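Since every read-out is calculated from the coordinates, none of them should be taken as a lab result. This structure is a prediction, so every number in the text was calculated from the model and none was measured. With ideal geometry, Cβ positions are generated from the backbone for all residues, glycine too; neighbour counts draw on all protein chains shown.
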Amino acid sequence: MPKITHLSQLDLNKSYSYADYLTWQLDEIVELIKGKVSLMSPAPNVNHQRIERNLIIDIGNYLRGKQCQLFPAPFDVRLYDRKKSLLESQEIHTVVQPDICVVCKPEMLDKQGCNGAPDWIVEILSKGNSKKEMQIKYALYQQSGVSEYWIVYPNDQVIHQFVLDESGQYQLKSMFAEDDTATPYLFPDLNIDLKQIFESFNY
């Protein structure tokens, strides 16, 4: 089998597994969505990266010394139906790269990333990826059992907080905006000052 080093060698209509994905030697970062290759958006802009950095600092400092761990992208998160136990690479057909994820179960971590749903995922929208985050990933995270999912809207300075209910469906728990204090459902003693997260900046 030829070595895969360029996207042009992949058939975008074909279905691949995570085992296939691990053999690729691409310069680009891609995701697998139910077996289909999904190209990542262009490199995030400065505003996106600054918001991500600020969230990482606040969340990371809070988690220091705790069992839960924070991982920023690029970081392979393998997803599948929450009703299934840990799967082998050839059985997995979805791998995503969340902007930020928090994993509280050490047994889900291996040298390749996270095998199963993280406890908390944060996605920061960029131009061109809103549909993916709002529809495709929302459904994937819900189905796989990500307990808490935040969608960050940089231009509006708003965060939507979704939490799984007892039936396994996301409910919009809170909408944080501008200078609110955002509090994760999973970590009620973590207070995130959005005024600092959405700090003003000059190019």
Exercise for the section: Just the Kirkwood number for the chain, please: inverse of mean 1/r across all distinct Cα pairs, in Å, one decimal. Expected result: 17.7 Å
Problem - Choice from 94, 23, 183 with maximal GNM fluctuation in the chain (Cα, 10 Å cutoff) - result: 23
Practice task
Quick one: check the C-alpha center-to-center distance for region 35-103 versus region 143-203, whole angstrom.
Solution key: 15 Å
Exercise for the section: Taking the Cβ of each residue in 50, 64 as the centre, tally the other Cβ atoms inside 10 Å and list the residues starting with the fewest. Expected result: 64, 50
Fill in the blank from the handout: Counted neighbours (other Cβ, 10 Å), sorted fewest up, put 101, 68 in the order 68, 101
Exercise for the section: Taking the chain as the reference, fit the longest principal axis to its C-alpha atoms, fit the long axis of helix 46-63 to the helix C-alpha atoms, and give the angle between the two in degrees, 0 to 90, nearest 10. Expected result: 80 degrees
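Please go through region 55-134 and write out the GluC sites (Glu not before Pro) that DSSP classes as loop and that have at most 13 other C-beta atoms within 10 Å.
Working: sites: 88, 91, 107, 123, 133; in loops: 88.
Those that pass, being in a loop and sparsely packed, are 88.
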Completion exercise
If each K or R counts +1 and each D or E counts -1, the residues other than residue 21 whose Cβ falls under 12 Å of its Cβ total -1
Handout entry: Helical mean residue ellipticity (222 nm; -39500 (n - 2.57) per DSSP H run of 4+; nearest 500) of the chain
Key = -5000 deg cm²/dmol
Problem - Geometric extent, Cα atoms of region 3-88 - Rg, Dmax (angstrom) - result: 16.3, 45
Problem - Among 66, 36, 173: highest mean-square fluctuation, GNM of the chain, C-alpha pairs under 10 Å - result: 66
Fill in the blank from the handout: PRE zone check, label point 7 Å out along Cα-to-Cβ of residue 110, amide N under 14 Å, scope region 4-35, hits 18-23
Practice task
Just the isolated ones, please: cysteines in the chain lacking another cysteine beta carbon under 4.7 angstrom.
Solution key: 101, 114
